[in-house]
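Remarks on the structure that follows.
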Amino acid sequence: MYLDYFNNQPEYIFKLMPGTRYQGSKRKLLPFIYEHIKDIKFKTVLDPFGGTGSVTSLFALLNKRVTYIDILNCNAIIAKALFHSDSKNFISEAELESLFARNNKVKYKSHIEDNYRDIFFTGSENVEIDTFCQNIERLSDEISKYVAYYLLFQAALSKRPYNLFHRANLDIRMRDVKRSFGNKTTWDKPFIGHMKKFRLELLNYREAAESKVNCETVIVKAGDIFSHADSQSDTQFDLVYLDTPYHRKPGSPGTDYFNFYNFLDALLKYEDIPQLINWKYANRPIYNPMKPWFPQDNIHEAFKDIFERYKKSVIVLSYRSDGVPSPDEFKELLSATHSDVNLYEFDNYKYALSKNSESKEILIIGKPA
């Protein structure tokens, strides 16, 4: 069984999972998570804040049946590319290059160049994105489209300072100054160059994973945890893994993934971009910024609701030690519905863009009462 192989070589996961450029990704924490779930008996998993799919990948590699959910459409597309692509019928480099070539018989729209000029990318790069997003409809099947979007997203993230879209800061990349962060060579590398690299990375993952993972056991959905759990059957999972956006401290807004990655979601709604943009904000999001997954004044009730909803499941929660609720509050909340509640800390992990060196990654596990 692959489970035995994984027990002997936990670092093998890193050779399979493509790299991520995503805020809050748990990819580097997979051995820590695995260490504390490996003795739990479970067959079905809900990952309702799926993000990059790293933890879903871990569960899939352990031969579990996983339901992945994420509220961002771009993340759901990433998951579909990871878990439903076929290495035997994979988009070729030639097909990829053709998506940047303009057809003289087609009148192309310019939604990116018109609406995001001098915001995230250069004028010529905006034209490339415009071309790609309209040509992608020429691909013959949905899986190829998922993979093409996946590659575009990874390239776009790589070319952005901080790998984010929360600020209109193209000038950071374009200034001729000394920098203490980032890599201008990476920022200036053409989209197609990045995408060819990520194509090979994804292809290698798929080829290696196909003998280990039955992708038919991974269900991918776009949505949120509350709208998903609308029937009794939806609440029946052996294990629920929670990696919610966190609130840093009392009074602060929650981590706003809509604002971080709204541009990627906009690309999936290409035809509607002019009508969706909120012109009030400099980064021109299609969602209002500062919209956390749940307001902080109700955050305790939100977790209480989730724990009650999945009281028959093992709860595995990733969070930060300096967040709201606090670790002690989490233990109290979870103890109301679950037994044998334990908290584990991961000491040697540095958060990107965080100035709090005392903050630690924590894992809280509660078993059904």
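The values are calculated or read from the model by the stated rules, or taken from the named source; none is laboratory data. These numbers come from a predicted model, not from an experiment. Cβ coordinates were reconstructed from backbone atoms using ideal geometry, including for glycine residues, and neighbour counts include every protein chain displayed. For the accessible areas, the whole protein counts, side chains as well, though only heavy atoms, and no ligand, DNA or RNA atoms are used. Shrake-Rupley method; radii C 1.70, N 1.55, O 1.52, S 1.80 Å.
Near F49, the amide H atoms lying under 5 Å from its own belong to I69, D243; only residues 5 or more places off or on other chains count, and H is placed 1.01 Å from N.
For the chain, the solvent-accessible area works out to 46 Å² per residue, with a probe of 1.4 Å and every protein chain left in place. Among the listed pairs K43/K312; K28/K64; K26/K196, those with a Cα-Cα distance over 18 Å are K28/K64; K26/K196. The alpha carbons of the chain give a radius of gyration and a Dmax of 20.9, 66 Å, in that order.
Scan the chain and hand back the longest stretch that contains none of the GluC sites (Glu not before Pro) lying in DSSP loops with at most 15 other Cβ atoms within 10 Å. In the chain, the maximal stretch lacking such sites is 12-209.
Just check segment 36-140 against the gyration tensor rule for me: Cα atoms, a ≥ b ≥ c as the square roots of the eigenvalues, rounded for a/c under 1.5, and otherwise prolate or oblate depending on whether a/b exceeds b/c. Judged from the Cα gyration tensor, segment 36-140 comes out prolate (a/c at least 1.5, a/b above b/c).
Placing unit charges on the Cβ atoms of the charged side chains and taking the dipole of the chain about its Cα centre, the candidate lying farthest along the positive direction among V147, I129, L202 is I129.
Surface composition of the chain: carbon and sulfur atoms hold 48% of the protein heavy-atom accessible area at a 1.4 Å probe. Near the amide H of D322, within less than 5 Å, lie the amide hydrogens of K360, all on another chain or at least 5 residues away, with H placed in the peptide plane.
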